[in-house]
Each structure stands twice: as structure tokens, then as C-alpha cells.
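S.K.: Could you have a look at this structure, given as C-alpha cells, before my questions?
The values are calculated or read from the model by the stated rules, or taken from the named source; none is laboratory data. The structure displayed is predicted, hence computed values, not measured ones. Glycine also receives a Cβ, built like all others from the backbone with ideal geometry; neighbour counts cover every protein chain displayed. We work out accessible area using only protein heavy atoms, side chains counted, and drop any ligands, DNA or RNA first. Shrake-Rupley method; radii C 1.70, N 1.55, O 1.52, S 1.80 Å.
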Amino acid sequence: MQVLDHSSALPKKPDVQSSADVERIVKSFYGDIEQDPMLGRFFVGLDWDAHLPRMVAFWSSVTFHTGDYNGRPFDPHAKLKNLESAHFDMWVLRFKGTIDELFEGEIAESMKLKAEQIATVFQVKLGLWGKA
């Protein structure tokens, strides 16, 4: 009996190709974050009209070296109260999940790796690395 492999017939997701794709990821990621039981409290009341373009600029700069972002991304995180390693773990999980829902490919994988690296650096700077 011959088994047919239909997996190649399934439509593949595109890879991240542009700042417009980054914007899609950012908007999808932050779309319901205020309702997240673990992370929501850090985002309630945020000025989304200012935050979303800043995050698109940040991730476009990280991903495509656009130079659109000028700032110090760590500083706002240093001011958050009761931030723990588990929050970074959840943020990374959500971010990677958002990318996986929308894209696949080399650049998508690179964005996920960079998110993990950024979360690690922030945790080290906050003295949270290795604390469970």
C-alpha cells in the first residue's frame, strides 16, 4: 500500500520580509496582552499610540538593521515593579508563539532567537538570571 505525502501540498507560511511584517507581529503580540493573566498588569494603561510604533521600530532595527529605533530599551523595564524571570519566560513564549502563528523561515527563527537573547540580557541586568 502506497502512502501519499500531502505535507508538501499544505500552504507554507511566509518568512518575515519587511517592516510591515514586523508591524503585523507587534500588533498581533500586543493585541490582547492586557488580558494576559501574568503579563497584563505591566501593560494596562500604556500609551499604545506611542508604544506600538516604538516596538515596530525596535524590532525592524533588530531584524533588518533599519536604524529606525533610537532609544534605550532596557530602561523602561528597570522601572517595573515585581518583575520576575517567569514574566520574561512568558513574554518569550508569547512572542515566539505569535511569530509561529504568522511566519516561518530563517528570519522568523532569527527574531525568536533575538527575543530569547534580549530577555536573557534584561534578566542578567535586573539580577534575575538563574532565579526561579
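S.K.: Rank I118, I25 by accessible area, highest first, at a 1.4 Å probe radius? Can you show the working numbers first?
M.R.: Numbers: I118 40, I25 0 Å².
Heavy-atom accessible area, descending, gives I118, I25.
S.K.: Considering the options I99, N82, H65, tell which one lies farthest towards the positive end of the dipole of the chain, charges being +1 on Lys and Arg and -1 on Asp and Glu at the Cβ, about the Cα centre.
M.R.: Ranked along the dipole, the leading option is N82.
S.K.: Then there is this: Please list, in chain and number order, the residues 5+ apart from V16 or on another chain whose amide H is under 5 Å from its amide H, with Hs placed from the backbone.
M.R.: Distant-sequence amide H within range of V16: E104, I107, A108.
S.K.: How do 62-71, 90-99 rank on mean C-beta neighbours within 10 Å, highest first?
M.R.: 90-99, 62-71
S.K.: Modelled label-to-label distance, R72 and I33, 7 Å Cα→beta-carbon offset: nm?
M.R.: 2.0
S.K.: Could you list, in their original order, any pairs among K13/K114; K12/K112; K13/K112; K81/K125; K27/K79 whose Cα atoms are separated by more than 22 Å?
M.R.: Working: K13/K114 20 Å; K12/K112 18 Å; K13/K112 16 Å; K81/K125 15 Å; K27/K79 24 Å.
Exceeds cut-off: K27/K79.
S.K.: Now for a different question. Normalised by the residues of segment 12-62, what does the relative contact order come to in percent, with Cα pairs under 8 Å and at least six apart?
M.R.: Working: 20 pairs, mean separation 22.1, N = 51.
This gives 43 percent for segment 12-62.
S.K.: In square angstrom, what is the accessible area per residue of the chain with a 1.4 angstrom probe?
M.R.: About 64 Å² of surface per residue is accessible.
S.K.: Moving on to the next point. Counting Lys and Arg as +1 and Asp and Glu as -1, each charge on the Cβ, what is the dipole of the chain about the Cα centre in debye, to the nearest 20? Don't skip to the answer; put the middle values down first.
M.R.: Values: 15 positive and 19 negative charges, 101 e Å.
Approximately 480 debye in magnitude.
S.K.: Moving on to the next point. What is segment 22-132's relative contact order, in percent, from Cα pairs under 8 angstrom and six or more apart in sequence?
M.R.: Details: 73 pairs, mean separation 29.8, N = 111.
The value is 27 percent.
S.K.: Hey, another quick one. Can you pull the percent of the chain's accessible area that's carbon plus sulfur, 1.4 Å probe, other chains left in place? Show your work: numbers first, answer last.
M.R.: Numbers: 4720 of 8490 Å².
About 56 percent, which is the carbon plus sulfur part of the accessible surface.
S.K.: Where Rh is the Kirkwood radius over the Cα pairs of the chain, the temperature 10 °C and the viscosity 1.306 mPa s, what D in µm²/s does Stokes-Einstein return?
M.R.: Working: Rh = 16.2 Å.
D = 98 µm²/s.
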